[in-house]
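The values are calculated or read from the model by the stated rules, or taken from the named source; none is laboratory data. Computed from a predicted model, the values in this text were never measured in an experiment. Glycine gets a Cβ as well: all are built from the backbone with ideal geometry, and neighbour counts include every protein chain shown. Please note that ligands, DNA and RNA were not included when accessible areas were found on the heavy atoms of the full protein model with its side chains. Shrake-Rupley method; radii C 1.70, N 1.55, O 1.52, S 1.80 Å.
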Amino acid sequence: MDATDIRYMEMALELAAKAEAAGEVPVGALLVRDGQILGRGWNRPIGLHDPTAHAEIMALRDAGEAQRNYRLPGSTLYVTLEPCPMCAGAIVHARVARTVFGAFDPRSGAAGSVFNLLPSDQRFNHRVEAEGGCLEAECGQLIRAFFQAKRQARTE
């Protein structure tokens with residue numbers, strides 16, 4: 001990871017704040033190719049009543065629409081939380097070249113924490129390079145604070 005990765009992850013954290021402001025789990029995603037932002041997304045499943053409206057899916061949809069193509073080769077996806085299996089599948093099908101994520105997800109992470117869909121599953125016809133831990137402390141703290149506030153609100 002380099003300074004460019006950190007800069008884009010900071011932007012993904014800003015998108016995660018949009019999700020949090022809407023009462024969604026604070027995850028943000030940004031898709032970039034050749035220094036150009038192709039798509040942005042943040043978690044929206046509650047507001048859109050759509051279980052597939054994860055940050056990664058929203059960024060891929062945004063990019064696909066802007067590029068007028070569902071294939072996004074040569075791109076890098078920056079996401080504040082390790083992708084789940086659903087999102088990992090979408091990332092593979094979109095032909096994203098690289099995924100950089102912040103916090104690891106020990107419950108449903110699909111880039112090595114629980115599942116190994118990115119990058120090591122050899123059954124796919126496309127491989128996605130995956131690198132975790134970019135601004136891990138900041139990304140993890142945002143999610144932990146969100147759920148801590150939710151638990152505290154339930155007890156009050």
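Just to check I understand the Karplus step: with θ = phi - 60° and J = 6.51 cos²θ - 1.76 cosθ + 1.60, what whole-Hz values come out for region 28-45, glycine and proline as x?
x, 9, 9, 10, 10, 9, 6, x, 10, 6, 8, x, 10, x, 8, 4, 9, x
Can you give the extra length, in nm with one decimal, that the chain gains between residue 50 and residue 34 once fully stretched, where that is 0.36 nm per residue apart less the Cα-Cα distance? Walk me through the intermediate numbers first.
Values: separation 16, 0.36 × 16 = 5.76 nm, distance 3.10 nm.
Full extension of this stretch gives 2.7 nm more.
Translational D (Stokes-Einstein, µm²/s) of region 1-140 at 20 °C and 1.002 mPa s when Rh comes from the Kirkwood sum over C-alpha pairs? Spell out each step's value before the answer.
Values: Rh = 14.3 Å.
It diffuses with D of about 149 µm²/s by this estimate.
Place the peptides 22-28, 67-73, 43-49, 55-61 in order of packing, highest mean first, counting for every residue the other Cβ atoms within 10 Å and averaging per peptide.
Values: 22-28: 22.0, 67-73: 13.6, 43-49: 15.9, 55-61: 26.6.
Answer by packing, highest mean first, reads 55-61, 22-28, 43-49, 67-73.
Could you check how much of the accessible area of region 1-42 is carbon and sulfur, as a whole percent, using a 1.4 Å probe? Numbers along the way, then the final one.
Values: 940 of 1930 Å².
It is 49 percent, rounded to a whole number.
What is the dipole size for the chain, taken about its Cα centre, with +1 at each Lys and Arg Cβ and -1 at each Asp and Glu Cβ, in debye to the nearest 20? It would help to have the intermediate numbers written out before the result.
Details: 17 positive and 19 negative charges, 86 e Å.
I would put it at about 420 debye.
Counting only heavy atoms of protein chains, what accessible area per residue, in Å², does region 1-106 have with a probe of 1.4 Å?
Numbers: 4610 Å² over 106 residues.
The answer is 44 Å² per residue.
Below 8 Å, C-alpha to C-alpha, sequence gap of six or more: please give me the relative contact order for region 1-70 in percent. Provide the component values of the computation, followed by the final result.
On the way: 121 pairs, mean separation 16.6, N = 70.
Contact order relative to length: 24 percent.
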